[in-house]
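Structure, as structure tokens:
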Amino acid sequence: MSNIKIIKPRVARETQDLQTLSKEELIARIQQLESHVTQLRNLLNPKLTSNKQGNKPGSKVFDHKKYAKRHVLLQVAYVGWDYAGFVVQEHTEKTIEAELFKALEKTRLVESRETSNYHRCGRTDKGVSSFGQAVSLDLRSNLSEGKGVFVPDGHQAKVGNTDEISYVGILNKVLPPEIRVVAWAPVNKTLSARFDCRQRTYHYYFPMANLDIQSMRVAAQYLIGEHDFRNFCKMDVGNGVIKFHRRIIDIQIEAIDNSANSYSMIRLELKGQAFLWHQVRCIVAILFLVGQGKEEVKIIQELLDVESNPRKPQYGMASEVPLNLFSCTYSDEDCQWIYDAETFQYVISGYQMLWTENIVKATMLREMLDSLEKLAGIKIENQLKGLVHGIEPKTYLPLMKRQKCESLEERINAYAKRQRIEVTETKNASA
């Protein structure tokens, strides 16, 4: 009881102190506490990771120096709906890349990320999926020679082996069910998954709803070729992106099934060499407006004319959930993918379980909707409502009449000003 008597006055004093704080002071206190929590997590995470991945007491330490290494490409598929994106992040471990390296280290294929010569082809955002993401890195090898095989200083190659490690098979045994390695390819040591990619293909899936698909196809053709896409992306000046010319190779909008109603599924396929941040989702959002008859086909040309329209009108992006980085293409000379029938069976069976779970839910909802529409005697084609971010206004305001974002020059000047202020504050703090 004595402990309780000591704690209660303290709690009462702290509650009384908080009640006297202003709104701004309370926000500052909350931010301070959140910062402390983040720092504690960062301190604890390395310890937790080392305990999980460390060798058991008395077990033999794995010696990577007894093996050669091999530079390879891995084709990685993942359903990213419940992940915070592909790239490792400081504040969460729920990323595709974090899970991939957990598996690589657990299977002893790499000693660490820092020594793996790692490159990724694309950095998909939170909720985005992929069938053909590619990463290049150095893996442990059973061989002493062959394409991509090399022996680092201090290492000894396994002499006489002719069978390579089953990279795909052993990784898929330890990866989460949403993530699978589909194929691998031995490549030259200098190849980079990012810089040597010839073409990236994105798929975006959506219901037909009330869209005029033919108008969308006509509008989409104006996107093909090299253009300044600053009005079709989220500017990333803070990371040094100040050039927005990109080349779209092809864009196709096709029906996936043979039905012709508002629930029919459509696929937009977009091919290019490289893309800007949120470029695909911005393109889809504008094409939706064309398909709904809210904008004319010429809006694409107007937005691409950055001389006349240097400032992007404010509009909501299309949802991340239907987006898939479907393939990353390399030259045949650089990359010959190796597929394994047994691995395919394992991958297909796993993804069929995910498909079954989701198609059952979709079918159930479709029957409920059909019954509701019959009872009401009406057809509502509002399937797109959840696929565009932002609040839909009662009265539509055309894009070119909306409030505009800052121009590129304004963003650069604002960023430079912030940098000068930070430098000055740092100097004053250290003085």
Can you work out which of the residues in the range 167-216 that are hydroxyl-bearing (S, T, Y), touching a Gly at 6+ places or on another chain (Cβ under 9 Å) and open to solvent by 20 Å² or more (accessible area, probe 1.4 Å) is farthest from R120 (Cα to Cα)? S215
Looking at (1) touching an Asp or Glu at 6+ places or on another chain (Cβ under 9 Å); (2) modelled with pLDDT under 90, which is the one condition that is false for E99? (2)
Search the range 118-130 for residues that are modelled with pLDDT of 95 or more and pair each with any residue that is of a type in the set (K, R) and open to solvent by less than 50 Å² (accessible area, probe 1.4 Å) when their beta-carbon atoms are under 8 Å apart and the residues are at least 6 apart or on different chains. C121/R200
Can you tell me how many residues in the range 321-333 are in a loop (DSSP other than H, G, I, E, B) and open to solvent by 40 Å² or more (accessible area, probe 1.4 Å)? 3
Looking at (1) touching a residue at least 40 places away in the same chain (Cβ under 8 Å); (2) under 32 Å from the mean Cα position of the chain (by Cα); (3) outside the structural domain of K298 (by the TED database), find the lone condition where K385 falls short. (1)
Which ones in the range 130-166 are open to solvent by less than 10 Å² (accessible area, probe 1.4 Å) and of a type outside the set (A, V, I, L, M)? S130, G132, Q133, S136, S141
It is to be established whether one or more residues within the range 42-54 are out of contact with any Lys or Arg (no Cβ under 8 Å at 6 or more places or on another chain), more than 19 Å from V174 (Cα to Cα), surrounded by fewer than 20 Cβ atoms within 10 Å (Cβ to Cβ) and modelled with pLDDT of 95 or more. no
Residue match in the range 376-386 (condition: exposed (fewer than 11 other Cβ atoms within 10 Å of the Cβ), β-branched (V, I, T) and more than 15 Å from N210 (Cβ to Cβ)): no
Inspect the range 254-268 for any residue being in contact with a helix residue (DSSP H, G or I) (Cβ under 7 Å, 6 or more places away or on another chain), surrounded by fewer than 18 Cβ atoms within 10 Å (Cβ to Cβ) and not in a helix (DSSP H, G or I) and give the result as yes or no. yes
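The values are calculated or read from the model by the stated rules, or taken from the named source; none is laboratory data. Because the structure is predicted, anything quoted here is derived from the model rather than measured. Note: ideal-geometry Cβ built from the backbone for every residue, glycine included; neighbour counts use all protein chains shown. We work out accessible area using only protein heavy atoms, side chains counted, and drop any ligands, DNA or RNA first. Shrake-Rupley method; radii C 1.70, N 1.55, O 1.52, S 1.80 Å.
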